[in-house]
Structures are given as C-alpha cells and as structure tokens.
1. Multiply the residue gap between residue 240 and residue 269 by 0.36 nm, knock off their C-alpha separation, and tell me the result in nm, one decimal place.
2. Past 29 Å, Cα to Cα, is the threshold; run 72/138; 72/218; 138/179; 72/212 against it and keep the listed order.
3. Once the Cα gyration tensor of the range 170-262 is diagonalised, what are the square roots of 5 times its eigenvalues, in whole Å and ordered largest first, as equivalent ellipsoid semi-axes?
4. Given R₀ = 41 Å, what would the calculated FRET efficiency be for residue 134 paired with residue 69, taking r from the Cβ atoms and rounding to 0.05?
5. Rounded to the nearest 0.05, what FRET efficiency do residue 219 and residue 42 give with R0 = 25 Å and r taken as the Cβ-Cβ distance? Could you check?
6. So what's the range 41-123 giving for Cα Rg divided by 2.2 N^0.38 Å, two decimals?
7. Run the simple label-point estimate for residue 150 and residue 381 please: 7 Å along Cα→C-beta, distance reported in nm.
8. Protein chains only, probe 1.4 Å: how do 264, 126, 35 rank by accessible area, largest first?
Amino acid sequence: MTARFRLPVALLLLLLLPACISQTIKTTAVPPLERPAQALPEELLLDVGILVFDPGLDDYDEKQQIYPEVRKAEARFMPRLLAEAMQNSGGWGAVRVIPSDRQAVDLLVQGTILSSDGEELALHIRASDTRGQQWLDKNYSAHASRYAYNSTTRSSYDPFQAIYHMIANDLLRQQQSLKTAEREDIRLVTELLFARSFSPEAFDGYLQENRKGNLVVKRLPAAEDPMLERIRSIRERDQLFVDTLQEHYGHFSGEMQVPYQEWRRMSYEEAIALQELQAESRRRMIAGGAAILAGIYAAGSSERSSRAAGNVAIIGGGYMLKSGLEKRAEAQIHVAALEELGMSLEAEITPQVIELEDRTVMLSGNVEEQYAQWRELLADIYRAEVGMLELPDAPTTP
C-alpha cells in the first residue's frame, strides 16, 4: 500500500470505529421540604395564588418535539403540584391555583414552561407580593432518570418533584425574612386592592405607588365602613368560588395522572431512542461520505490495486450513506410515535362540570372565561348591595 493511499484508509478506519457513548444516569434526588422555624398566627399567614402556567408556545418551532395540547394540559397540572408542595410546608395560609391574575392575593406565583419531556423539565418562576415587591425571578430545571419510570421502583413522588420542592423552599425562605409589620401591610394592601377593583371611586385614595413602583397604604378606611364590609363579603364569595375551582383542578390532575405519567415514560424512552438514532445516523453518513471521498482519491491512483480498493470504498461509502438515510427515516417513526402519544393524552382530557349553589358551571378548558363571568356577577352583586345602602329613607306619612 502506497503512502498516497494509506492516509485516506487510516482516516476511513477511524471514522468507522464504533463511537464510545457514555450515558450519565441522572437521579431525581428530592430535597426535603423546609418548614417555618415557628408557627405564625393565622392572621399573619399569607395566602398564595399560583396562576395557571404559561405553556411556552408563543415562539416554539414546529421542528421541536412540542405538542401544544400536551403543553396546555401540563400548564394546568404543574401548578397543582407546586401548590401541594407549598401547602405541605405548613408556612402559608390558603394556597390556590387561580385562573386569572385579577384575583388579589398576598403572593402571586407565575410560571412558564421552558421545556418539558420525560427526560427534562425546565420552568421559569416569578413571584411577587400584592405590593409589587418581587420575591423570585428564576429558572429551575431537573432531570429524571429511567428509574423514575420503572414500575418496580416508582415512588409516590412525581418524577420531577425536586423542582417543586426547590421552588417552595425558595419562597418560604423569602417569607421567613419578613417582619410582622410587613406581613400585616401585605394583607392590608391585598384587601384594599380587591376593594379598589370593585369600586375605584370609593377606594382609589387608600393606595399609592412609591418611587419603586410598589403599592403602599396612604390612609385607612374607617373601622366599620359599610362599603368595606360589603367588599369583605364579596371577597369571601370570590374565595369560595376559587376554592370550588380547586376541586376542578384536583379532579383534572387525578384524571390526567395516569395517562400523563405514561406519556412521560414513553416520551422519555422515545427521546433517548431518538437521540441515539440521530447520532448513529450522523456517524454513518459522515463515515459513508468519507469512504466515498477516500475511494475517489484512491481510484485516481496509477496503481491497479489502489484503483480497485478505491472502487470498493466508493461502493461501501454509498451503502453507508443509504444506511444513514434509512436510520433517519426510522427516527421519524419515533417522532410520529410521540405525536400519537400526544393525541392520546389529549383524548383523555375531558371538560369538567362543577355544581355551585345557584347554578351549574361548565369548565371546558377555558376556566379563565368562566372566572371572568363570575367576577362580573360579583360586581353586579356589589353594586346592587351598595345601591341598597345608598337609597334614601322612605318618607314617613303623617
């Protein structure tokens, strides 16, 4: 073999050597939930509203392995898991999943799904209290190992339970740094903000923004202000309605649990298989191309043996390119399988009906519209009750 032909053949042999694939098994170690150092009086416990997550579909590329209907379902499923983690820490008042940020809450938590499949979950979480003071603006991510989906070792934890505990712990640490006066201030601002949303003309002068853009209490209403009493009654009804929605979210999560976990398990397996197939396809196509180039290089040799070897290399390289293309087609089969899984999960999610005292409400997937209608109804109730307060006394007959 001449030196002229030795280099391409050596290069070809290197490319044809099977690549060494090292797979890191990532565990799902769940940090323990932190608890408050000491119990607080009920009137100082802050209520939390976790807004239905943003599914993160605004700028997604159709080439990405994202299934919009699955993401929308996840956006309602994940806040429930975070709410449970926060409630289990014992450091909060009521922790509710809410459909709209129109509801005034002591602490509002918002999340965006950055990525989600059976292998990785990444969230962006923002949290601020009712004054506008920011508590959290942070990305969280976690990986699941294949053991999380093993039926023999599967625990009661969600495969990504760690991410919800991390968020809950960060928020609890922020809350623990508050002084008693700050807690009282937050709860007062929440009440006045709710009142202002129903009657701006009556309650607009009680709050103002400071230089940082945060709300501060400018003055207090009278202790027995009848309009404030009506507002408190309206707020209780609003909270009862949102409590009823928790039953919906809980039922939704329960119905979604089994098919969703199966989808994530299959998605995890399909994602790993897809990565391996794509990597193998690239290796084969690169090696095939190199073989063809080496064959062309050798075919031009003046030596008969080199030309024969070059022709063989060209044929072999063409076969490897064909094999690489076939592997790529096989990868597309796995993509189609993922799409089918997404469609099957969507079929499992059905509208829910909840019964209220005076009417039946259909929650069909647009809970936000139902809550908006409820707020309008509350506004009508408030105006009617305040109008009755403002009616002049009927004249007495002599």
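The values are calculated or read from the model by the stated rules, or taken from the named source; none is laboratory data. Because the structure is predicted, anything quoted here is derived from the model rather than measured. Note that each Cβ is placed from the backbone with ideal geometry, even for glycine, and that neighbours are counted across all protein chains shown. Ligands, DNA and RNA are stripped out before the accessible areas are found, and what is left, the full protein with its side chains, is counted by its heavy atoms. Shrake-Rupley method; radii C 1.70, N 1.55, O 1.52, S 1.80 Å.
1. 6.2 nm
2. 72/218; 72/212, as the Cα separations exceed 29 Å there.
3. 33, 21, 12
4. 0.80
5. Given R0 = 25 Å and the Cβ-Cβ separation, E is 0.45.
6. That works out to 1.24 for the range 41-123.
7. About 5.3 nm separates the two model spin labels.
8. The residues order as 35, 126, 264, largest area first.
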